[in-house]
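The values are calculated or read from the model by the stated rules, or taken from the named source; none is laboratory data. Treat the numbers as computed from the prediction; the structure is a model and nothing was measured. Using ideal geometry, Cβ is built from the backbone for each residue, glycine included, and neighbour counts are taken over all protein chains shown.
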Amino acid sequence: MTENFVETTAQNFVETTALPDTGVAFLTLNRPEQRNPLSSEAMRDVTAALRKLGDDDTTRVVVIRAAGPVFSAGHDLKEMIGRTLEDEQAIFDTCVEMMQAVQEIPQPVIASVQGAAVAAGCQLAASCDLVVASSNAVFGTPGVKIGLFCSTPMVALSRAIGRKRALQMLLTGETIDAETAADWGLVNLVVAPEDLDGQTRALAAKITKASPLTVKIGKQAFYRQIDLPQGEAYQAMAETMATNAVTCDAQEGMQAFVEKRTPQWQGK
């Protein structure tokens, strides 16, 4: 992960890197010796980093990746033993806030998964807008094996891969490989380990060519309509598309298409 950084900031559990002139920022889980656990502190760090990037107009795409051989082993179980109900509730509220932040920031978020993503680590990958996975990656929700059903990961997982496949993973606790995850809809691309970084960047670069204003409108609209009944979804999206159509970038894009030239985006 050696790069020419514009800016690198490190918190306790996450490192944020902005690359020059690309519009791509990398958020790196940075406790490889502990398998990148999602402790309460780590989740707060990730949420804070996402919110900061979400407010940055120069950031067009966010990539979440991890140092070491494991993407994330999920929650730090050590902080969950011998705690009160209120303590446990606080942990999962922090988790929900992080997962929602992934989808609430205006920029698309890509998970670049190099190894095992299990439990809340699988949830984090499933919550991202897109996932690029190494062929070495595996995904799982093994909580049932230790008496703690992966109920919050179930929310993201079931929406990504459907009921039957999600329940298979949740009830057995078994992992699936990257190819299966792609076949089931959890992963967009499976690549050779040595190509993971390059393919992730290539996907991000394709997104940065579009109008950032249009991408923001589209991402927000996607999550707004996805769970609505079809009629309500069409009604809401017709209004959204009409509003989009009168923006400066839509007008510029349509005019550029007619004139057979490259559009010059103005919106943010």
Q: Inspect all residues belonging to segment 174-196 and state whether any of them is more than 20 Å from the chain's Cα centre (by Cα) and part of a helix (DSSP H, G or I).
A: yes
Q. With respect to the numbered conditions (1) farther than 30 Å from K78 by Cα; (2) in contact with a Cys (Cβ under 7 Å, 6 or more places away or on another chain); (3) not polar (S, T, N, Q), which one is the sole condition not fulfilled by G143?
A. (1)
Q | Qualifying positions in segment 123-158 - in contact (Cβ under 8 Å) with a residue 60 or more places away in the chain and of a type in the set (D, E, K, R) | A | D129
Q: Identify all residues within segment 143-184 that are of a type in the set (K, R) and in contact with a Gly (Cβ under 7 Å, 6 or more places away or on another chain); write none if there are none.
A: K145
Q. From E239, E252, E232, which residue is among the acidic types (D, E), surrounded by 13 or more Cβ atoms within 10 Å (Cβ to Cβ) and not assigned by TED's automatic domain parsing to the domain that holds D55?
A. E252
Q: Within segment 145-183, track down each residue that is touching a strand residue (DSSP E or B) at 6+ places or on another chain (Cβ under 6 Å) and either in the same structural domain as Y223 (by TED's automatic domain parsing) or under 18 Å from L124 (Cβ atoms) (or both).
A: T175, I176, A178, A181, A182
**Q.** Residue check for Y223: assigned to a helix (DSSP H, G or I), closer than 22 Å to R60 by Cβ and at pLDDT 95 or above
**A.** yes
(Q) Which of the numbered conditions does A236 fail, given that it passes all the others? Conditions: (1) within 22 Å of V24 (Cβ to Cβ); (2) touching a Lys or Arg at 6+ places or on another chain (Cβ under 8 Å); (3) without any contact (Cβ under 8 Å) to a residue 60 or more places away in the chain. (A) (1)
(Q) Could you check segment 210-226 and list, in sequence order, the residues that are over 22 Å from P20 (Cα atoms) and surrounded by 18 or more Cβ atoms within 10 Å (Cβ to Cβ)? (A) I217, K219, A221
Q: Run T262 past the list (1) exposed (fewer than 15 other Cβ atoms within 10 Å of the Cβ); (2) in a helix (DSSP H, G or I); (3) among the β-branched types (V, I, T) and report the number of the one that doesn't hold.
A: (2)
Q) Which one of these does V62 not meet: (1) within 26 Å of R201 (Cβ to Cβ); (2) in a helix (DSSP H, G or I)? A) (2)
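Yes/no matrix, rows are residues, columns are (1) within 21 Å of A160 (Cα to Cα); (2) small (G, A, S); (3) surrounded by fewer than 19 Cβ atoms within 10 Å (Cβ to Cβ):
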position	(1), (2), (3)
T175	yes, no, yes
E179	yes, no, yes
V190	yes, no, no
T208	no, no, yes
